[in-house]
There are 6 protein chains.
Amino acid sequence: MRPSGRKLDEMRTVSIETGVVKHAEGSCLIKVGDTHVLCTATIEDRPPPFLKGTGLGWVTAEYGMLPRATGSRTRREAATGKQQGRTVEIQRLIGRALRAGVDRAALGERQIVIDCDVLQADGGTRCAAITGGWVALRLAANRLLQTRAITSDPLPDHIAAVSCGIYAGQTVLDLDYAEDSAAGTDSNFILTGRGRLVEVQMSAEGATFAREDMNRLLDLAEAGVQQLVAAQKAAIA
Amino acid sequence: MRPSGRKLDEMRTVSIETGVVKHAEGSCLIKVGDTHVLCTATIEDRPPPFLKGTGLGWVTAEYGMLPRATGSRTRREAATGKQQGRTVEIQRLIGRALRAGVDRAALGERQIVIDCDVLQADGGTRCAAITGGWVALRLAANRLLQTRAITSDPLPDHIAAVSCGIYAGQTVLDLDYAEDSAAGTDSNFILTGRGRLVEVQMSAEGATFAREDMNRLLDLAEAGVQQLVAAQKAAIA
Amino acid sequence: MRPSGRKLDEMRTVSIETGVVKHAEGSCLIKVGDTHVLCTATIEDRPPPFLKGTGLGWVTAEYGMLPRATGSRTRREAATGKQQGRTVEIQRLIGRALRAGVDRAALGERQIVIDCDVLQADGGTRCAAITGGWVALRLAANRLLQTRAITSDPLPDHIAAVSCGIYAGQTVLDLDYAEDSAAGTDSNFILTGRGRLVEVQMSAEGATFAREDMNRLLDLAEAGVQQLVAAQKAAIA
Amino acid sequence: MRPSGRKLDEMRTVSIETGVVKHAEGSCLIKVGDTHVLCTATIEDRPPPFLKGTGLGWVTAEYGMLPRATGSRTRREAATGKQQGRTVEIQRLIGRALRAGVDRAALGERQIVIDCDVLQADGGTRCAAITGGWVALRLAANRLLQTRAITSDPLPDHIAAVSCGIYAGQTVLDLDYAEDSAAGTDSNFILTGRGRLVEVQMSAEGATFAREDMNRLLDLAEAGVQQLVAAQKAAIA
Amino acid sequence: MRPSGRKLDEMRTVSIETGVVKHAEGSCLIKVGDTHVLCTATIEDRPPPFLKGTGLGWVTAEYGMLPRATGSRTRREAATGKQQGRTVEIQRLIGRALRAGVDRAALGERQIVIDCDVLQADGGTRCAAITGGWVALRLAANRLLQTRAITSDPLPDHIAAVSCGIYAGQTVLDLDYAEDSAAGTDSNFILTGRGRLVEVQMSAEGATFAREDMNRLLDLAEAGVQQLVAAQKAAIA
Amino acid sequence: MRPSGRKLDEMRTVSIETGVVKHAEGSCLIKVGDTHVLCTATIEDRPPPFLKGTGLGWVTAEYGMLPRATGSRTRREAATGKQQGRTVEIQRLIGRALRAGVDRAALGERQIVIDCDVLQADGGTRCAAITGGWVALRLAANRLLQTRAITSDPLPDHIAAVSCGIYAGQTVLDLDYAEDSAAGTDSNFILTGRGRLVEVQMSAEGATFAREDMNRLLDLAEAGVQQLVAAQKAAIA
């Protein structure tokens, strides 16, 4: 009944390849089905100005989509001179989600910038960006630990994200583009490796939803995130 | 224990004054405690281009904050030449939330623009904007019905929004600025008058949260929205 | 013969309510007929860079109009990314006019920013902004005096502004929108409480004018400003 | 007593050379002392959209200053991505002033764009731009008459502008930069060839002024404009 | 003597993988050593407005660099709101070069947009973009031929580009970043498969150069382009 | 056979008038036929930030075109808020070319900004800007030497530029607009007074070209630049 033939609670194939950009302090190419996102981490020695003197670090994110990552070409934001509302919203979400998993005192007064660029899009790009972004962040943190720039691990747990939705009246896990564009309710769940909630976003797109729907979608998400965390572990091993 | 002395499940005083801008097709000034938002509705005869010929209408929203609505002056976005990420995120939310309550076929090929401008901010401006924005929208829809521009009501139910959060370890309803800036988890719930969910946004700001927290916060929100809907009904009576 | 039924030399009703925004160091809502402008004053401890080390202060102003302050909706400047020429011209005028009444040495090395936001427009918004902006400025100066941040009064006199014009061949005081859009000559006079001139702006819109017209319009303005100054005095009493 | 040694009512030398840009429908280089402005007129066959179908034409103006027209280099507005407030204010003034002298029905549904670019600045650039801009406009109108694109003259009279001010306590005509930057009151008068007023702008810069000052400055301006009109006549002869 | 140990006339390893973005009408990932550029072609049914009714088509290009394609992070142009001069210059070059190899009448009234995004940079990104961009263009043209949207081939010959320079006093082929940043003269040669010149760009960076240098660099380039054309042929086979 | 009746190797008349802007440290108006460019040099005491502490100076350039320098009016870049790609490309070329002729250690830690503004365009504006820009730079360097701000000459040789092209199948020198817009190949050669190459730019516009064409065009350019250098010498004498 799903366009892809997947079961209701079946995720797409996930692969995470690390070390794909030689210059970055951490990098990976995450593929969740046909959604491909290149994630890099850049360590900056200075924190943002508002943190000077606090002993705390910062993690921020930027998100972009190559013009032809999509079915029809999207205008290049660098050329239009403006990031679209959707882009701004997504990169704020990625930064907020990753920061929620960071021990900012352990990181010290520095900033890590996570760049997530979608090479090919097929639904769920923000979730893939968070899951892959965490891997890039993990690799950058490892480098700080290896070079003894920091001495305690600033990343106590994994962060990963998955979308769920109500498609054709059914709650389904990990929406692809065909499902996403037809879903009545769309949601993104960001969880830690231990299953704590970091962020929940649920939106009625065609129809409002009930409290039980919310809980059913979360059931799916909890299972999906476990698989993503396993893929993260395999990638950084 | 709350800075304002309110009980954990106590909302701030809500008042909604309609007809405050003589030019607008619908308008109100909503006050939720010290948060004051001016909401206007503008009826445009033409829908956005992508709806030409579909018979469907559209509702969109813009959000702004006067520079001195806040404790320290915020730079005027018109002068900086750019809406901040926060502004973009909020106005997309308002538009999405209000659209979820609109029968777009009943509205017909026209657009209603809801402008929400914060005159004074004390936490919860996006929720006040949605609750007040719905009143402005309701008044504009009434005008379309009265002038027989449309014949069936495009607004089958109320839409209202409230924030909840985990403050000092407790789940509390309707955060003011003092609470919002110290909350460990912050959430916004948008519901219909009949209690269906329109949008849920929950964010770990200082600490991740558990599934039970999510449900407890929703309990508070359901009660709060009922009070907001009552205030909406009184205002448009 | 005037659309409003007013006499040629009759102003609209003026009201000035102070203390309308709790965060601002000075604020008022000025209503000149159906023109409503919210004015706030912000005290900034640092002067603009070009005044560092001079011992002199600065007063500047910004002007905005809510999208639906007008009969048909005006596009939001924050969204278009650019202040219109008219906005820039008006806010430069407000700043220049208010500065002309400030003893900048008495103010010391700080800046006061006056924000004037039009909630509802019916002609004469720049004059209302100057008249109300002076009240906000006066209240902010009072606060500096009360906290002994400064010791001598930086505002030796009132500043107020009124528009006059040639409408249907007659010189009239305080044009509303209906008159303004049909006037052959439009002028703004800014005066001090003692009747000294601060700024004169006269423009032929449909027909050029004679030297005698200039003097007749000034006669009207002198009388109008006296009433505005009286309203200012009542508001700050 | 004036820095230049001029008498109080003495203008700088004025020269107007026409035909300086071969592509333009009208052009001149106006020199008022060391202030040099290149003015061109472009005839566009279509009026601005808001005039479609009205039978009326439009005249508009743009103003610019080469980066090194000034004593210290001014940043290029094309490079900063934004016209400064001063530029916007001046070009609106030029357009408004020239339009006041145009019979827009005689011009018909077309637009003439006047570009005024300051090659060298020494005070009074906006007045020189208006005076020279009118010459470029006159030449363009002549071309329309010669090619019988229009049959009645759209320019019934000359338009010219001069600045006056109160410098070192004296009312003086045609301020140069040294005077302008030290003047207590600065004014610009725009008049027709027959002495009717088109626009008056008077600003207290260091000190407020009295009604008699206003009339004394106008006396000077009336005499100055006559000399400018004579120079315009000589140029277009 | 070259940092990479290559011989003076030795190119880096070139690989071109096609079909890397499923949505695009043509795509490839070109790797010239550590320089990796993703190139996609988008067919648009409408030509740019200036070609309406001419029967001619158009090819244009856009170029971007992911923020961490470089050794230190480059600011994202979408976020700064502006494409840098270097970006603009490069994408104009790519478009001009590819157009020089297109029979625009055979292409008909449509546009092909080539997007070249640098995933990893190590010198010579503009040349790799042209060489890879031509492959994407070739694949898009093939699709037009296969679907019989066009009937004669719009690409009579290959287009490929290579950089040469004077490094440490020697003329060398295909500069990598280490060489490029130290070269006295830098040049880019764009040639057709048959060896005709499309574009030559030579710049003295540290030292001017002689006419014989120009010819020696061209000798190298001719040999290098032959290898690139061979790689193109292998990729599209 | 050339539209202007010139011989294949005949340049247009060149004139260079210096001292045309009284404020600038160096200035000239260069006329190459009907192409007129105003060039000014501004000496800034501080180098760009990346040169602080290196002992080296910098030369940069900005280029602009007055709106009506061209046959039909070009939109003012200051008004559109953006420099066009062509402008950016040209000003980068001018700066690069002039810097190639500067002994940056002799210049010391300061910057010279060359502004080139086209008053009237008839082809070859970038070449005229480089040739005239060098004169302005030479005059500014002279002033630094005269005031003993520097002690050794930072300009060891002349820099001048000329365009050549293949027009109607013939190689011609110094293209005017009529030729430029019809040329099959267009090229710009920048040389020193001693005939060393600084920059070569050759572009196939309608037809690719052969290696012999490249050398024939350079023959023409070498002769043309000698005439330009003679004109520079006469101007600064």
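A few remarks follow.
- Volume of the convex hull of region D:14-236 (Cα atoms only), normalised per residue: 129 Å³.
- Karplus-derived 3J(HN,Hα), 6.51/-1.76/1.60, for each residue of region B:34-51, Hz, glycine and proline x: 8, 8, 10, 10, 8, 10, 10, 10, 10, 8, 10, 5, 10, x, x, x, 5, 9
- Label-to-label distance for B:Q227 and B:Q170 is 1.4 nm, based on points extended 7 Å past Cα in the beta-carbon direction.
- Along region D:52-64 the Karplus relation, 6.51 cos²θ - 1.76 cosθ + 1.60 evaluated at θ = phi - 60°, assigns HN-Hα couplings of 3, x, 9, x, 9, x, 8, 10, 9, 9, 10, 10, x Hz to successive residues, with x for each Gly and Pro.
- Working from label points 7 Å from Cα in the Cα-to-Cβ sense, the B:D180 to E:L51 distance is 5.1 nm.
- For the pair F:R194 and C:A207, a Förster radius of 45 Å applied to the C-beta separation gives a FRET efficiency near 0.10, rounded to the nearest 0.05.
- Taking the Cα centre of region F:26-69 as reference, the dipole from Cβ charges on Lys and Arg (+1) and Asp and Glu (-1) amounts to some 20 debye.
- Each Lys or Arg adds one and each Asp or Glu subtracts one; over the other residues with Cβ under 13 Å from the Cβ of D:F209, this totals -1.
- Beta carbon of chain D nearest to the axis of the rotation taking D to E, residue and angstrom distance: D:G81, 5
- Plainly put, the tip 7 Å out from Cα toward Cβ on D:D180 is 2.9, 3.3, 4.7, 4.7, 5.6 nm from that tip on each other copy, the closest given first.
- Relative contact order (percent, whole number), chain C, Cα cutoff 8 Å, 6+ residue spacing: 22
- Sorted from nearest, the other copies put their A:D219 label points 2.1, 7.7, 8.7, 8.7, 9.5 nm away, the label point being 7 Å from Cα in the direction of Cβ.
- For the protein assembly as shown: Kirkwood Rh in Å [reciprocal of mean 1/r, alpha carbons]: 35.3
- Measuring r between the beta carbons of F:K7 and A:Q146 and using R0 = 45 Å, the FRET efficiency lands at 0.05.
- Unit charges on C-beta of K, R, D, E only; dipole of the protein assembly as shown, Debye: 0
- Chain E: angle of helix E:125-146 to the longest principal axis, Cα-based, in degrees nearest 10: 20
- Among the residues of region F:58-106, those with an accessible-area drop of 40 Å² or more from chain alone to full protein complex, heavy atoms and 1.4 Å probe, are F:E62, F:L66, F:R68, F:R73, F:R76, F:A78, F:A79, F:Q83, F:E89, F:R92, F:R96.
- Ranking E:S163, E:Q226, E:S187 by Cα position along the charge dipole of region E:161-237, where only Lys, Arg, Asp and Glu carry charges on their C-beta atoms, puts E:Q226 farthest toward the positive end.
- Chain B: most fluctuating residue of B:A129, B:A207, B:A78 per GNM, C-alpha cutoff 10 Å: B:A78
- Restricting region E:95-149 to trypsin sites (Lys or Arg not before Pro) that sit in a DSSP loop and have at most 10 other Cβ atoms within 10 Å of their own Cβ leaves E:R148.
- For region A:23-146, the Kirkwood estimate of hydrodynamic radius, built from reciprocal distances between every pair of different alpha carbons, is 14.8 Å.
- With contributions of -39500 (n - 2.57) from each DSSP H run of at least four residues, the per-residue ellipticity at 222 nm computed over chain C stands at -10000 deg cm²/dmol.
- Region F:100-175 and region D:124-162 have their alpha-carbon centroids 38 Å apart.
- Note on D:D219/C:N215: beta-carbon distance plugged into 1/(1 + (r/R0)^6) with R0 of 22 Å gives a FRET efficiency of 0.95.
- Remark: label point of C:Q146 defined 7 Å out from Cα along the Cα-Cβ vector; separations to the same position in other copies 4.3, 6.2, 6.2, 7.1, 7.8 nm, ascending.
- Close amide H pairs (under 5 Å, H built 1.01 Å from N) link B:G64 with B:C116, B:D117, B:V118, residues at least 5 positions away or on another chain.
- Computed over protein heavy atoms with a 1.4 Å probe, the carbon and sulfur contribution to the accessible area of the protein assembly as shown reaches 46%.
- Estimated D of region B:144-237 in µm² per second, where Rh is the Kirkwood radius over Cα pairs and Stokes-Einstein applies at 10 °C, 1.306 mPa s: 109
- When the accessible areas of E alone and F alone are added and the area of the pair subtracted, with a 1.4 Å probe, the result is around 2700 Å², both sides summed.
- Overall, chain A carries a charge dipole of about 580 debye about its Cα centre when +1 sits on the Cβ of Lys and Arg and -1 on the Cβ of Asp and Glu, all other atoms neutral.
- Once the 1.4 Å probe is applied to the protein heavy atoms, region F:14-236 comes out at 35 Å² accessible per residue.
- Protein-protein interface of region A:1-32, residues with accessible area decrease of at least 20 Å², isolated chain reference, 1.4 Å probe: A:V21, A:K22, A:H23
- For region B:21-33, Karplus couplings with θ = phi - 60° (6.51, -1.76, 1.60), whole Hz, Gly/Pro x: 10, 5, 6, 6, 6, x, 7, 7, 10, 9, 10, 10, x
- At least 30 Å² accessible surface lost relative to isolated chain, residues of region F:181-197 (1.4 Å probe): F:R196, F:L197
The values are calculated or read from the model by the stated rules, or taken from the named source; none is laboratory data. The structure displayed is predicted, hence computed values, not measured ones. Note that we place each Cβ from the backbone using ideal geometry, even for glycine, and neighbour counts take in every protein chain shown. These area figures cover heavy atoms from the full protein model, side chains too; ligands, DNA and RNA do not enter into them. Shrake-Rupley method; radii C 1.70, N 1.55, O 1.52, S 1.80 Å.
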